[in-house]
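Contents: one structure, followed by commentary.
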Amino acid sequence: KLDGDDGPTRLVAEVTASLATLRPGDSAKIAELRAKAKAAQAKRDRWAQVYYVLGDLDLLDGQGDAALDHYRKAMTYGERSEPLARNLVGLLLERQAQAEALSVLETFARTTALSPDLTKQLAMLRAMFGTDKTATVAWARSPAAAGSGSARDHVVRAAVFAAAGEPSEARQALDQAAVYNARDNTPEVWVAIVQFLAASGQRKDAEKAADD
């Protein structure tokens, strides 16, 4: 036993094993596991894995901002797993933090072989924040992107069109995001839609989306 029955390794292993059985909204069990993870953190506060599991618990508990903070710390302390990259980038894109999402993917790409979809996302973000805006808009207009069933993808497309000075296409993409999120009902996506509408001066539509 590396550090005893109540040591951080044992505590995080128990939390990790239990995560697979949890469902969103299982508040009592999430609180129990969070207490174990916090106890591990108190004993080893620079261990990436403890922040990773805390982020997973936050996400299951509907606390996107807290999950984002914990995932950032997991990355800072060396975690480089693909699920972390996927969750971290997804949360950043929902908050319109494309520049940080690009930085995250570039950091992971230096040491980890990215999956095809993350590689595509990296290329798109590089185009968005580099000089090749034409390639970015072409991606956002492509059948694969326009036909995506992911609300998050359409929020990203809306940001691409807005940055390219194409407000009507940005609004169409945002409407698609709202349609798909009516099915998925992801709170962070609704927040991103409301923020986008408010930032683009569409206050009435932002208020309606917030009420919905």
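Being of a type in the set (D, E, K, R), open to solvent by 40 Å² or more (accessible area, probe 1.4 Å), in a helix (DSSP H, G or I) and more than 25 Å from D184 (Cβ to Cβ) holds for only one residue in R171, R126, and it is R126. A Cβ distance below 8 Å, combined with a sequence gap of six or more or placement on separate chains, defines the contacts here; from segment 66-78, residues that are crowded, with 20+ Cβ neighbours inside 10 Å reach residues that are not in a helix (DSSP H, G or I) in the pairs L68/R95. In segment 47-62 there is at least one residue matching the filter, namely being open to solvent by 10 Å² or more (accessible area, probe 1.4 Å), aliphatic (A, V, I, L, M) and within 28 Å of D184 (Cα to Cα).
Taking Q96 as the residue in question, decide whether it is out of contact with any Cys (no Cβ under 7 Å at 6 or more places or on another chain), in contact (Cβ under 8 Å) with a residue 24 or more places away in the chain and not in a helix (DSSP H, G or I). Show your work before the answer.
On the way: out of contact with any Cys (no Cβ under 7 Å at 6 or more places or on another chain): yes; in contact (Cβ under 8 Å) with a residue 24 or more places away in the chain: yes; not in a helix (DSSP H, G or I): yes.
Here the answer is yes, as Q96 does meet what is asked.
Taking first residues from segment 179-195 that are open to solvent by 60 Å² or more (accessible area, probe 1.4 Å) and partners that are assigned to a helix (DSSP H, G or I), the Cβ contacts under 6 Å between residues at least 6 apart in sequence or on separate chains come to Y180/A151; D184/A151.
Considering the conditions (1) surrounded by 15 or more Cβ atoms within 10 Å (Cβ to Cβ); (2) in a helix (DSSP H, G or I); (3) hydrophobic (A, V, I, L, M, F, W, C), L114 is excluded by exactly one of them, (2).
Taking the conditions (1) part of a helix (DSSP H, G or I); (2) over 22 Å from R72 (Cβ atoms); (3) open to solvent by 50 Å² or more (accessible area, probe 1.4 Å) in turn, K36 satisfies each one other than (2). Every residue in segment 181-212 that is over 21 Å from A97 (Cβ atoms) and either modelled with pLDDT of 75 or more or part of a helix (DSSP H, G or I) (or both), please. Scanning segment 181-212 gives A182, R183, N185, R203, K204, D205, E207, K208, D211.
The values are calculated or read from the model by the stated rules, or taken from the named source; none is laboratory data. In this text, all values refer to a predicted model and were calculated from it rather than measured experimentally. All Cβ positions, even for glycine, are placed from backbone atoms using ideal geometry, and neighbour counts span all protein chains on display. All accessible areas refer to the heavy atoms of the entire protein, side chains included, with ligands and DNA or RNA removed. Shrake-Rupley method; radii C 1.70, N 1.55, O 1.52, S 1.80 Å.
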